[in-house]
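First up is the structure itself, then whatever we jot down about it.
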Amino acid sequence: MEPYVSIVIPAYNEEENLPLLLEKLGQVLPKIGKPAEVIIVDDGSRDATPDILREASRRYPWLKAIILRRNFGQSAALTAGIDHAKGQVLVMMDADLQNDPEDIPRLLAKLEEGYDVVSGWRKDRKDPFLSRKLPSRIANWLIGKITGVKIHDYGCTLKAYRREVIQGIPIYGELHRFIPVLVDFRGARITEIPVKHHPRRFGKSKYGLSRTYRVLLDLLLMFFFQRFATRPLHLFGFTGGFMFAAGFLIELYLSALKILYGQEIGHRPLLILGVLLIITGINLIGTGLLAELIIRTYYESSGRKIYLIREIVA
Ligand code: UDP
Ligand code: MG
(Lines give C-alpha, C1' and ligand atoms only; values in the text may rest on other atoms or scores of the structure.)
(Ligands and ions follow the chains in the order given, each with its own letter.)
Protein backbone atom coordinates (compact mmCIF):
# COMPACT_ATOMS: atom_id res chain seq x y z
CA MET A 1 0.00 0.00 0.00
CA GLU A 2 1.26 3.51 -0.80
CA PRO A 3 2.52 5.19 2.35
CA TYR A 4 0.52 8.19 3.55
CA VAL A 5 3.21 9.35 5.98
CA SER A 6 6.95 9.48 5.17
CA ILE A 7 9.34 9.95 8.06
CA VAL A 8 12.62 11.41 6.81
CA ILE A 9 15.72 11.11 8.99
CA PRO A 10 19.26 12.25 8.08
CA ALA A 11 22.04 10.27 9.75
CA TYR A 12 25.72 11.10 9.90
CA ASN A 13 27.88 8.72 11.94
CA GLU A 14 24.98 7.53 14.07
CA GLU A 15 25.86 3.82 14.38
CA GLU A 16 25.18 3.71 18.12
CA ASN A 17 21.83 5.46 17.88
CA LEU A 18 20.31 3.64 14.91
CA PRO A 19 19.36 0.29 16.50
CA LEU A 20 17.37 1.96 19.28
CA LEU A 21 15.89 4.50 16.86
CA LEU A 22 14.67 1.75 14.55
CA GLU A 23 13.22 -0.20 17.44
CA LYS A 24 11.33 2.85 18.73
CA LEU A 25 10.06 3.68 15.25
CA GLY A 26 8.84 0.12 14.91
CA GLN A 27 6.75 0.61 18.05
CA VAL A 28 5.37 3.98 17.00
CA LEU A 29 4.42 3.24 13.37
CA PRO A 30 1.36 1.09 14.21
CA LYS A 31 0.04 3.93 16.39
CA ILE A 32 -0.07 6.28 13.40
CA GLY A 33 -3.06 4.42 12.00
CA LYS A 34 -2.09 5.17 8.40
CA PRO A 35 0.44 3.43 6.13
CA ALA A 36 3.88 4.90 6.81
CA GLU A 37 7.43 4.57 5.56
CA VAL A 38 10.73 5.61 7.13
CA ILE A 39 13.47 7.03 4.94
CA ILE A 40 16.87 7.22 6.58
CA VAL A 41 19.48 9.10 4.58
CA ASP A 42 23.07 8.17 5.31
CA ASP A 43 24.97 11.40 4.81
CA GLY A 44 28.38 9.94 3.94
CA SER A 45 29.00 8.40 7.37
CA ARG A 46 32.44 6.96 8.05
CA ASP A 47 31.20 4.51 10.67
CA ALA A 48 28.93 1.48 10.32
CA THR A 49 25.79 3.54 9.65
CA PRO A 50 25.35 2.33 6.02
CA ASP A 51 25.92 -1.32 7.00
CA ILE A 52 23.38 -1.09 9.78
CA LEU A 53 20.88 0.45 7.36
CA ARG A 54 21.39 -2.25 4.71
CA GLU A 55 20.94 -4.92 7.30
CA ALA A 56 17.92 -3.23 8.87
CA SER A 57 16.14 -2.70 5.56
CA ARG A 58 15.96 -6.48 5.23
CA ARG A 59 14.30 -6.75 8.61
CA TYR A 60 11.93 -3.77 8.49
CA PRO A 61 9.64 -3.60 5.44
CA TRP A 62 8.79 0.04 6.17
CA LEU A 63 12.43 1.15 5.96
CA LYS A 64 14.07 2.69 2.92
CA ALA A 65 17.71 3.73 3.15
CA ILE A 66 19.37 6.24 0.87
CA ILE A 67 23.15 6.16 0.99
CA LEU A 68 24.80 9.34 -0.25
CA ARG A 69 28.21 9.39 -1.93
CA ARG A 70 29.77 11.69 0.66
CA ASN A 71 28.86 14.05 3.45
CA PHE A 72 26.62 16.75 1.96
CA GLY A 73 25.27 18.20 5.22
CA GLN A 74 21.97 17.91 7.02
CA SER A 75 20.01 20.13 4.61
CA ALA A 76 21.08 18.21 1.51
CA ALA A 77 20.43 14.88 3.24
CA LEU A 78 16.92 16.04 4.14
CA THR A 79 16.34 17.13 0.55
CA ALA A 80 17.40 13.69 -0.69
CA GLY A 81 14.90 12.11 1.69
CA ILE A 82 12.10 14.48 0.70
CA ASP A 83 12.74 13.82 -3.00
CA HIS A 84 12.25 10.09 -2.44
CA ALA A 85 9.34 10.26 -0.03
CA LYS A 86 6.03 8.90 -1.29
CA GLY A 87 3.72 10.14 1.46
CA GLN A 88 1.27 13.03 1.37
CA VAL A 89 2.59 13.99 4.77
CA LEU A 90 6.27 14.31 5.64
CA VAL A 91 7.74 14.09 9.12
CA MET A 92 11.34 15.08 9.70
CA MET A 93 13.43 14.27 12.72
CA ASP A 94 17.00 13.63 13.87
CA ALA A 95 18.63 10.23 14.09
CA ASP A 96 20.23 10.79 17.49
CA LEU A 97 17.07 10.24 19.58
CA GLN A 98 17.10 13.82 20.83
CA ASN A 99 13.68 13.93 19.22
CA ASP A 100 11.27 11.31 20.48
CA PRO A 101 9.45 9.15 17.91
CA GLU A 102 6.63 8.96 20.47
CA ASP A 103 5.68 12.52 19.52
CA ILE A 104 4.96 11.69 15.86
CA PRO A 105 1.31 10.63 16.29
CA ARG A 106 0.60 13.88 18.18
CA LEU A 107 2.17 15.98 15.40
CA LEU A 108 0.08 14.16 12.81
CA ALA A 109 -3.12 14.57 14.80
CA LYS A 110 -2.48 18.31 14.98
CA LEU A 111 -1.80 18.43 11.23
CA GLU A 112 -5.18 16.80 10.60
CA GLU A 113 -6.83 19.72 12.39
CA GLY A 114 -6.14 21.69 9.24
CA TYR A 115 -2.54 22.88 9.34
CA ASP A 116 0.15 22.62 6.66
CA VAL A 117 3.05 22.56 9.10
CA VAL A 118 3.23 21.44 12.70
CA SER A 119 6.52 22.39 14.28
CA GLY A 120 8.01 20.80 17.38
CA TRP A 121 8.80 23.15 20.23
CA ARG A 122 11.55 21.92 22.54
CA LYS A 123 10.11 23.63 25.58
CA ASP A 124 12.53 21.86 27.84
CA ARG A 125 15.60 21.64 25.65
CA LYS A 126 18.42 19.40 26.81
CA ASP A 127 21.44 21.05 25.21
CA PRO A 128 24.32 23.12 26.62
CA PHE A 129 23.14 26.64 27.44
CA LEU A 130 26.00 28.84 26.26
CA SER A 131 26.95 27.13 23.02
CA ARG A 132 23.49 26.04 21.87
CA LYS A 133 20.47 27.34 23.76
CA LEU A 134 21.53 30.97 24.00
CA PRO A 135 22.54 31.41 20.32
CA SER A 136 19.35 29.75 19.19
CA ARG A 137 17.24 31.89 21.50
CA ILE A 138 18.78 34.97 19.88
CA ALA A 139 18.37 33.47 16.41
CA ASN A 140 14.71 32.59 17.07
CA TRP A 141 14.02 36.12 18.19
CA LEU A 142 15.79 37.61 15.15
CA ILE A 143 14.11 35.31 12.67
CA GLY A 144 10.72 36.10 14.18
CA LYS A 145 11.40 39.84 13.94
CA ILE A 146 12.70 39.75 10.38
CA THR A 147 10.24 37.34 8.87
CA GLY A 148 7.14 37.84 10.97
CA VAL A 149 6.67 34.07 11.34
CA LYS A 150 6.09 33.71 15.07
CA ILE A 151 7.11 30.34 16.41
CA HIS A 152 9.33 29.67 19.42
CA ASP A 153 11.72 27.11 18.07
CA TYR A 154 12.84 27.13 14.44
CA GLY A 155 15.79 24.84 15.11
CA CYS A 156 13.73 21.83 16.16
CA THR A 157 14.02 19.30 13.37
CA LEU A 158 10.94 17.38 14.47
CA LYS A 159 8.18 18.73 12.26
CA ALA A 160 5.31 17.47 10.15
CA TYR A 161 4.50 18.96 6.74
CA ARG A 162 1.96 18.55 4.03
CA ARG A 163 3.91 17.58 0.97
CA GLU A 164 2.65 20.37 -1.27
CA VAL A 165 4.08 23.15 0.90
CA ILE A 166 7.59 21.74 0.91
CA GLN A 167 7.94 20.10 -2.47
CA GLY A 168 10.38 21.86 -4.75
CA ILE A 169 11.74 24.28 -2.15
CA PRO A 170 15.53 24.19 -2.49
CA ILE A 171 17.03 23.43 0.92
CA TYR A 172 20.79 23.83 1.14
CA GLY A 173 23.43 25.28 3.46
CA GLU A 174 21.79 25.87 6.82
CA LEU A 175 18.41 26.46 5.27
CA HIS A 176 16.72 23.46 6.93
CA ARG A 177 16.47 25.69 9.96
CA PHE A 178 14.34 28.18 8.07
CA ILE A 179 11.90 25.77 6.49
CA PRO A 180 8.99 27.30 8.45
CA VAL A 181 9.84 30.67 6.95
CA LEU A 182 10.32 29.29 3.45
CA VAL A 183 6.94 27.59 3.56
CA ASP A 184 5.35 30.70 5.02
CA PHE A 185 6.19 32.42 1.73
CA ARG A 186 3.85 29.90 0.19
CA GLY A 187 1.05 30.78 2.52
CA ALA A 188 1.29 27.68 4.70
CA ARG A 189 -0.73 27.50 7.91
CA ILE A 190 1.86 26.92 10.64
CA THR A 191 1.44 25.92 14.26
CA GLU A 192 3.64 24.37 16.93
CA ILE A 193 3.22 21.94 19.80
CA PRO A 194 5.61 21.19 22.65
CA VAL A 195 7.64 18.02 22.13
CA LYS A 196 10.00 16.03 24.30
CA HIS A 197 13.71 16.56 24.00
CA HIS A 198 16.48 14.31 25.25
CA PRO A 199 20.21 14.74 25.64
CA ARG A 200 22.19 13.02 22.90
CA ARG A 201 22.51 9.34 23.94
CA PHE A 202 25.65 8.39 22.02
CA GLY A 203 28.19 10.20 19.88
CA LYS A 204 28.75 13.94 19.66
CA SER A 205 26.78 16.75 18.07
CA LYS A 206 28.08 17.44 14.59
CA TYR A 207 27.92 21.15 15.15
CA GLY A 208 29.62 23.71 17.37
CA LEU A 209 29.67 27.45 17.78
CA SER A 210 31.16 28.05 14.32
CA ARG A 211 27.79 27.14 12.91
CA THR A 212 26.21 30.24 14.43
CA TYR A 213 28.18 32.30 11.94
CA ARG A 214 26.89 30.31 8.98
CA VAL A 215 23.36 30.53 10.32
CA LEU A 216 23.63 34.29 10.60
CA LEU A 217 24.97 34.52 7.05
CA ASP A 218 22.06 32.47 5.77
CA LEU A 219 19.72 34.65 7.78
CA LEU A 220 21.11 37.76 6.12
CA LEU A 221 20.86 36.19 2.69
CA MET A 222 17.34 35.15 3.47
CA PHE A 223 16.40 38.65 4.44
CA PHE A 224 17.53 39.80 1.00
CA PHE A 225 15.92 36.76 -0.52
CA GLN A 226 12.59 37.65 0.97
CA ARG A 227 12.78 41.32 0.05
CA PHE A 228 14.53 41.28 -3.28
CA ALA A 229 15.01 37.78 -4.61
CA THR A 230 12.22 37.90 -7.12
CA ARG A 231 12.86 41.54 -8.02
CA PRO A 232 16.51 42.56 -7.52
CA LEU A 233 15.70 45.30 -9.98
CA HIS A 234 13.80 47.00 -7.17
CA LEU A 235 16.95 47.23 -5.09
CA PHE A 236 19.41 48.12 -7.85
CA GLY A 237 16.94 49.93 -10.04
CA PHE A 238 15.83 52.28 -7.29
CA THR A 239 19.38 53.21 -6.27
CA GLY A 240 20.53 53.43 -9.88
CA GLY A 241 17.52 55.46 -10.96
CA PHE A 242 17.99 57.86 -8.05
CA MET A 243 21.68 58.40 -8.90
CA PHE A 244 20.91 58.85 -12.56
CA ALA A 245 18.22 61.43 -11.80
CA ALA A 246 20.50 63.35 -9.43
CA GLY A 247 23.32 63.38 -12.00
CA PHE A 248 20.92 64.43 -14.73
CA LEU A 249 19.61 67.37 -12.68
CA ILE A 250 23.16 68.49 -11.88
CA GLU A 251 24.13 68.45 -15.55
CA LEU A 252 20.90 70.22 -16.47
CA TYR A 253 21.70 72.94 -13.94
CA LEU A 254 25.27 73.31 -15.26
CA SER A 255 24.09 73.37 -18.88
CA ALA A 256 21.65 76.14 -18.01
CA LEU A 257 24.48 78.14 -16.42
CA LYS A 258 26.55 77.75 -19.55
CA ILE A 259 23.87 78.24 -22.20
CA LEU A 260 21.68 80.87 -20.52
CA TYR A 261 24.31 82.80 -18.59
CA GLY A 262 27.42 82.00 -20.62
CA GLN A 263 29.31 80.83 -17.49
CA GLU A 264 32.45 78.70 -17.76
CA ILE A 265 31.65 75.28 -16.16
CA GLY A 266 34.66 73.14 -17.17
CA HIS A 267 36.50 73.69 -13.84
CA ARG A 268 33.60 72.86 -11.53
CA PRO A 269 33.81 69.65 -9.42
CA LEU A 270 30.02 69.42 -9.68
CA LEU A 271 30.44 68.59 -13.36
CA ILE A 272 32.43 65.46 -12.54
CA LEU A 273 30.04 64.46 -9.77
CA GLY A 274 27.12 64.72 -12.19
CA VAL A 275 28.87 62.62 -14.83
CA LEU A 276 29.83 59.96 -12.26
CA LEU A 277 26.29 59.77 -10.92
CA ILE A 278 24.89 59.28 -14.40
CA ILE A 279 27.38 56.58 -15.34
CA THR A 280 27.04 54.73 -12.02
CA GLY A 281 23.27 54.99 -12.15
CA ILE A 282 23.05 53.42 -15.59
CA ASN A 283 25.48 50.71 -14.49
CA LEU A 284 23.45 49.85 -11.42
CA ILE A 285 20.27 49.48 -13.44
CA GLY A 286 22.15 47.12 -15.75
CA THR A 287 23.43 45.18 -12.72
CA GLY A 288 19.87 44.80 -11.51
CA LEU A 289 18.84 43.30 -14.82
CA LEU A 290 21.78 40.87 -14.71
CA ALA A 291 20.90 39.91 -11.12
CA GLU A 292 17.40 38.99 -12.26
CA LEU A 293 18.85 36.67 -14.85
CA ILE A 294 21.50 35.17 -12.56
CA ILE A 295 19.03 34.42 -9.78
CA ARG A 296 16.79 32.53 -12.15
CA THR A 297 19.65 30.56 -13.68
CA TYR A 298 21.12 29.84 -10.26
CA TYR A 299 17.98 28.30 -8.86
CA GLU A 300 17.29 26.32 -11.96
CA SER A 301 20.80 24.89 -12.24
CA SER A 302 21.66 24.35 -8.57
CA GLY A 303 18.38 22.78 -7.51
CA ARG A 304 19.40 19.33 -8.61
CA LYS A 305 23.00 18.98 -7.58
CA ILE A 306 22.95 19.37 -3.83
CA TYR A 307 23.39 15.65 -3.21
CA LEU A 308 24.56 12.51 -5.03
CA ILE A 309 23.23 9.04 -4.27
CA ARG A 310 25.43 5.95 -4.06
CA GLU A 311 22.72 3.43 -3.43
CA ILE A 312 19.11 3.02 -2.37
CA VAL A 313 18.12 -0.01 -0.31
CA ALA A 314 14.52 -0.81 0.40
N1 UDP B 1 23.51 15.23 10.24
C2 UDP B 1 23.67 14.93 8.89
N3 UDP B 1 24.73 15.47 8.21
C4 UDP B 1 25.63 16.30 8.81
C5 UDP B 1 25.43 16.63 10.17
C6 UDP B 1 24.36 16.09 10.85
O7 UDP B 1 22.87 14.18 8.31
O8 UDP B 1 26.56 16.74 8.14
C9 UDP B 1 22.36 14.67 10.98
C10 UDP B 1 22.73 13.98 12.28
O11 UDP B 1 23.07 12.62 12.07
C12 UDP B 1 21.45 14.12 13.07
C13 UDP B 1 20.91 15.46 12.61
O14 UDP B 1 21.53 15.73 11.34
O15 UDP B 1 20.50 13.13 12.75
C16 UDP B 1 21.21 16.57 13.59
O17 UDP B 1 22.59 16.59 13.87
P18 UDP B 1 23.15 16.80 15.36
O19 UDP B 1 22.43 15.94 16.33
O20 UDP B 1 24.62 16.64 15.29
O21 UDP B 1 22.80 18.34 15.59
P22 UDP B 1 22.19 19.01 16.91
O23 UDP B 1 21.12 18.10 17.45
O24 UDP B 1 23.33 19.14 17.84
O25 UDP B 1 21.66 20.30 16.38
MG1 MG C 1 21.21 16.19 17.90
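The values are calculated or read from the model by the stated rules, or taken from the named source; none is laboratory data. Predicted model only: the values in this text are computed from it and were never measured. With ideal geometry, Cβ positions are generated from the backbone for all residues, glycine too; neighbour counts draw on all protein chains shown. The area values use the complete protein model at the heavy-atom level, side chains included, leaving out ligands, DNA and RNA. Shrake-Rupley method; radii C 1.70, N 1.55, O 1.52, S 1.80 Å.
Per-residue packing, averaged as other Cβ atoms within 10 Å, sorts the ranges 192-200, 123-131, 156-164 into the order 156-164, 192-200, 123-131, beginning with the highest.
In the chain, helices alone account for a calculated mean residue ellipticity at 222 nm of -16000 deg cm²/dmol, with every DSSP H run of four or more residues adding -39,500 (n - 2.57).
By the rule of a C-alpha distance below 16 Å, with chain neighbours fewer than 8 residues away ignored, the aspartates and glutamates paired with LYS150 are ASP116, ASP184, GLU192.
Number of Lys-Lys pairs in the stretch 1-135 with C-alpha atoms under 23 Å apart and a separation of 8 or more places or on different chains: 16. Overall, the accessible surface of the stretch 1-119 at a probe of 1.4 angstrom is composed of carbon and sulfur to the extent of 47 percent. Multiplying each eigenvalue of the alpha-carbon gyration tensor of the chain by 5 and taking the square root yields semi-axes of 51, 19, 18 Å, largest first, rounded to whole angstroms. Taking a straight Cα-Cα cut-off under 18 Å and skipping sequence neighbours fewer than 8 places away in the same chain, the aspartates and glutamates within cross-link reach of LYS206 are GLU14, GLU15, GLU16, ASP42, ASP43, ASP47, ASP94, ASP96, ASP127, GLU174.
Does the stretch 109-160 come out rounded, prolate or oblate by the C-alpha gyration tensor, with a ≥ b ≥ c the root eigenvalues, rounded set by a/c under 1.5 and, if not, prolate when a/b is larger than b/c and oblate if not? Because a/c hits 1.5 or more and a/b fails to exceed b/c, the stretch 109-160 counts as oblate. What is the sum of charges around LYS34, taking Lys and Arg as +1, Asp and Glu as -1, for the other residues whose C-beta is under 12 Å from the C-beta of LYS34? Around LYS34, the charge tally is -2.
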